[in-house]
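The values are calculated or read from the model by the stated rules, or taken from the named source; none is laboratory data. What you see is a predicted model; the values in this text were computed from it and never measured. Using ideal geometry, Cβ is built from the backbone for each residue, glycine included, and neighbour counts are taken over all protein chains shown.
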Ligand code: ASP
């Protein structure tokens with residue numbers, strides 16, 4: 001047992017991910033594809049679902065407690081405006097690069113050229129863009145408890161920030177409530193650490209399940225698309241994120257990458273950046289040294305509005321569609337694709353396949369009729385997951401990068417922690433203060 005807990009969690013999680021792939025492939029060889037898929041569905045998948053439920057259970061408690069505690073620790077509501085402004089500006093800037101990288105890779109690799117859409121089962125999708133005004137209004141919850149019950153992240157962020165500001169403004173009278181939230185944040189983070197110990201098993205099960213459900217022939221028919229998407233995502237991670245961390249923030253890229261491996265692996269196996277949020281918050285605070293005030297506000301916001309992987313994907317899929325159906329696009333149309341892909345990525349929910357169902361908004365820029373959109377969505381959906389996993393991993397990487405940048409600029413980054421070697425299990429957070437016997441009664 002000692003070697004298990006003595007090995008850093010990120011190594012165990014990565015090992016589990018690789019093992020999940022190998023397990024599903026070997027089982028399919030030994031028992032045949034269908035029998036293996038049935039066995040994995042009955043006995044392995046439940047472990048993955050259990051883990052996914054465990055982390056989703058923590059999303060709202062973690063956002064509420066870390067954000068309120070973070071705002072209170074800032075002590076000055078004005079600083080929050082500066083954090084939010086910088087985060088939103090960086091989120092938009094990275095998304096801008098993302099959509100153009102997507103378009104560039106789509107042009108260079110031509111993934112839709114000569115593709116045979118004949119066997120696709122058309123899936124009609126809604127072509128209306130969600131109303132921006134309604135979405136903005138909905139950020140203010142009429143009932144914060146209902147917003148929490150619905151996991152309405154933006155509404156919970158809004159309420160938590162106001163609560164934190166109220167606590168600061170109440171001065172001495174607010175202090176007990178502030179202390180309560182700070183203590184609750186410690187407790188919920190502890191629970192997150194417990195749940196993360198289950199991650200290797202959950203990641204193994206989820207990855208094995210996904211591999212067992214993806215037909216090799218289906219994947220082979222879109223191999224060029226899959227390779228294009230993976231390379232574009234990698235290029236964005238290395239050039240935009242890596243370059244920014246190294247040359248703008250002057251921080252070691254490897255420490256960053258190693259610090260968020262758990263979050264990336266969980267994002268990869270669940271294909272949900274919203275679901276991964278508790279792990280992202282824990283990684284970024286524990287391993288990258290980002291203070292709660294920044295992690296608690298910037299990361300939930302990012303999990304809702306910052307999806308560079310989705311932006312890249314939508315750019316590539318738009319070109320895929322144009323190439324498959326033979327549309328000739330003008331530069332203005334490329335620019336419109338970039339703008340709508342960026343907006344759709346901002347509006348996408350952090351759940352599996354969310355991005356694909358927003359494709360219609362992007363295809364509207366060159367008047368693709370609904371029947372053709374249905375064919376494309378029907379063609380991609382069976383193979384979407386494998387690309388969804390990778391774009392979700394990039395989405396959480398982008399959130400973590402922006403949180404690091406904002407923390408550095410706001411003086412809320414513990415650089416020693418960021419640079420500390422991560423090849424040992426993460427430090428247990430400071431032990432709870434001993435309660436003297438006399439204080440107990
Ligand atoms: N699954 C992605 C996420 O959760 C969204 C998408 O479908 O692109 O970040």
Search result, residues across region 97-114 that are surrounded by fewer than 22 Cβ atoms within 10 Å (Cβ to Cβ) and under 29 Å from residue 398 (Cβ atoms): 97, 100, 104, 107, 108, 109, 110
Test: residue in region 284-304 that is within 13 Å of the ligand (Cβ to nearest atom), closer than 28 Å to residue 103 by Cα and not in a helix (DSSP H, G or I): no
Residue satisfying condition, being part of a helix (DSSP H, G or I) and surrounded by 13 or more Cβ atoms within 10 Å (Cβ to Cβ), within set 35, 69, 89: 69
Cβ-Cβ under 7 Å pairs, at least 6 apart or on other chains, region 331-345 side on the phi < 0 side of the Ramachandran plot, far side modelled with pLDDT under 95 and more than 16 Å from the ligand (Cβ to nearest atom): 333/365; 333/366; 336/365; 337/365; 340/365
Members of region 275-303 that are surrounded by fewer than 24 Cβ atoms within 10 Å (Cβ to Cβ) and closer than 16 Å to residue 93 by Cα: 301
Entirely in region 319-432, the helices (runs of 4 or more DSSP H) that have 1 or more residues that are at pLDDT 95 or above, in contact with a strand residue (DSSP E or B) (Cβ under 7 Å, 6 or more places away or on another chain) and more than 16 Å from the ligand (Cβ to nearest atom): 370-409
Criterion violated by residue 232 - all others in (1) in contact (Cβ under 8 Å) with a residue 60 or more places away in the chain; (2) more than 20 Å from the chain's Cα centre (by Cα); (3) over 26 Å from residue 26 (Cβ atoms) satisfied: (2)
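Output the number of residues of region 210-229 satisfying the condition of being within 20 Å of the chain's Cα centre (by Cα) and buried (at least 18 other Cβ atoms within 10 Å of the Cβ).
Residues of region 210-229 within 20 Å of the chain's Cα centre (by Cα): 210, 226, 229.
So of that shortlist, the ones also buried (at least 18 other Cβ atoms within 10 Å of the Cβ) come out as 210, 229.
So the count comes out to 2.
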Test result for residue 206, in a helix (DSSP H, G or I), farther than 25 Å from residue 411 by Cα, more than 16 Å from the ligand (Cβ to nearest atom) and within 18 Å of the chain's Cα centre (by Cα): no
Some residue of region 265-274 being closer than 30 Å to residue 178 by Cα and either outside any helix (DSSP H, G or I) or within 16 Å of the ligand (Cβ to nearest atom) (or both): yes
Residue, nearest to the chain's Cα centre (by Cα), within region 138-168, restricted to residues that are assigned to a loop (DSSP other than H, G, I, E, B) and more than 24 Å from residue 278 (Cβ to Cβ): 140
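Considering 207, 177, 198, 203, which residue is surrounded by fewer than 21 Cβ atoms within 10 Å (Cβ to Cβ) and in contact (Cβ under 8 Å) with a residue 12 or more places away in the chain?
Just one listed residue meets the conditions, 198.
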Checklist (1) without any contact (Cβ under 8 Å) to a residue 40 or more places away in the chain; (2) not in a loop (DSSP other than H, G, I, E, B) applied to residue 135, failing item: (1)
Of all residues making up region 16-32, the number that are in a helix (DSSP H, G or I) and either under 19 Å from residue 4 (Cβ atoms) or without any contact (Cβ under 8 Å) to a residue 40 or more places away in the chain (or both): 11
Residue 42 vs. criteria free of Cβ contacts under 8 Å to residues at least 24 places away in the same chain, surrounded by fewer than 22 Cβ atoms within 10 Å (Cβ to Cβ) and either out of contact with any strand residue (DSSP E or B) (no Cβ under 6 Å at 6 or more places or on another chain) or not in a helix (DSSP H, G or I) (or both): yes
Condition met for residue 54 (in a helix (DSSP H, G or I) and surrounded by fewer than 18 Cβ atoms within 10 Å (Cβ to Cβ)): no
